[in-house]
Amino acid sequence: MLSRDDVFSELGIGPVWRLRATPASPLTADAPPAYTWDTLTDAVAHCTACKLSATRTQGVLGAGDRNADWLIIGEAPGVEEDAQGEPFVGTAGKLLDAMLASIGLARGDNVYITNVLKSHPPGNRNPEPDEVAACRPYLLAQIELIQPKLILALGRFAAQSLLDTDETVEHLRGRVHAFQGVPLVVTYHPAYLLRKLTDKARAWEDLCLARRTFNSLTPDS
Ligand code: URA
């Protein structure tokens, strides 16, 4: 039977590095401070690191199973998420739930959902580079705390900021990337799919790729 490292190597991912819990890992220059869930929740709730803190209702850290194998990363809280304090609770969230269900997953059950930005950009405008940079330590801390087995990046902003590229979703989807040693699959953002129904078939292919990749990493699943 192939070892986990063999599977990563087959997928063209490697070497496999996992961030250590404490002290902060020296593996990357931008390793996050060693947050606990409590300190991270507090930090996001009171964050004033970027201008969005002046207009948001509340910071939206994320929701779901904190020991999840699957980490879903979107762009930023919308109006409803800003009001309710939970990611993907609006129309795009309903489609996300359906996408997850199509590969046997459910919000909160071995799945954690978050966004690149923890604060709602006014008018749902695109995140700006300084905002993405200011929020990055929170996302890194979440990844360190959760230790997911697979990351699903939803849409251009999540994919580009995680993979540090300006390639389009069209170019990034259809293959397995890695973020700090964790396999990462890119697919379309559900809000985009609501506008562009014809890309739903491609999104389904991406979800199947994510499911296959996950199953190959965890043969018992
Ligand atoms: N779009 C996102 O990217 N995230 C949300 O939480 C809601 C809509």
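The values are calculated or read from the model by the stated rules, or taken from the named source; none is laboratory data. Please read all numbers here as calculations on a predicted model, not as lab measurements. Note: ideal-geometry Cβ built from the backbone for every residue, glycine included; neighbour counts use all protein chains shown. Surface areas here come from the heavy atoms of the whole protein model, side chains and all, with no ligands, DNA or RNA. Shrake-Rupley method; radii C 1.70, N 1.55, O 1.52, S 1.80 Å.
Remarks
- Annotation for Leu194 and Ala83: the two label points, set 7 Å from Cα along the Cα-Cβ direction, are 1.3 nm apart.
- Taking all protein chains together, Val111, Val176 sort by accessible area into Val176, Val111, largest first [probe 1.4 Å].
- Solvent-accessible area of Lys94, all protein chains in place: 140 Å² (probe radius 1.4 Å, heavy atoms, ligands and nucleic acids excluded).
- Of the residues Ala76, Ala191, Ala158, the one whose Cα sits farthest towards the positive end of the charge dipole of region 33-217 is Ala191 (charges of +1 on Lys and Arg Cβ, -1 on Asp and Glu Cβ, taken about the Cα centre).
- Net charge over other residues, Cβ less than 11 angstrom from the Cβ of Val89 (K, R count +1; D, E count -1): -3
- Fully extended contour minus Cα-Cα distance, from Thr91 to Cys208, at 0.36 nm per residue: 39.9 nm
- Measuring with a 1.4 angstrom probe and ignoring ligands and nucleic acids, Ser102 comes out at about 60 Å² accessible.
- Among beta bridges from DSSP that stay inside region 33-217, the antiparallel ones total about 35%.
- Pairs exceeding a 27 Å alpha-carbon distance, out of Lys149/Lys200; Lys149/Lys196; Lys118/Lys149; Lys51/Lys149: Lys149/Lys196; Lys51/Lys149.
- In this structure, Ala34 and Thr165 have a Cβ-Cβ separation that, at R0 = 22 Å, corresponds to a calculated FRET efficiency of about 0.20.
- Spin-label zone in region 193-221 - amide nitrogen under 19 Å from a point set 7 Å from the Cα of Arg175 along the C-beta vector: 202-203, 205-214
- Summed over the residues of region 109-172 and divided among them, the accessible surface reaches 36 Å² per residue at a probe radius of 1.4 Å.
- Convex hull of region 166-221 built on C-alpha atoms - directionally averaged projected area, nm²: 4.5 nm²
- Shown are Asp130, Asp164, Asp199, Asp97, whose ranking by accessible area with a 1.4 Å probe and every protein chain present, most to least, is Asp164, Asp130, Asp97, Asp199.
- Note on region 70-221: Kirkwood radius taken over Cα pairs, Stokes-Einstein applied at 4 °C and 1.567 mPa s, translational D equal to 84 µm² s⁻¹.
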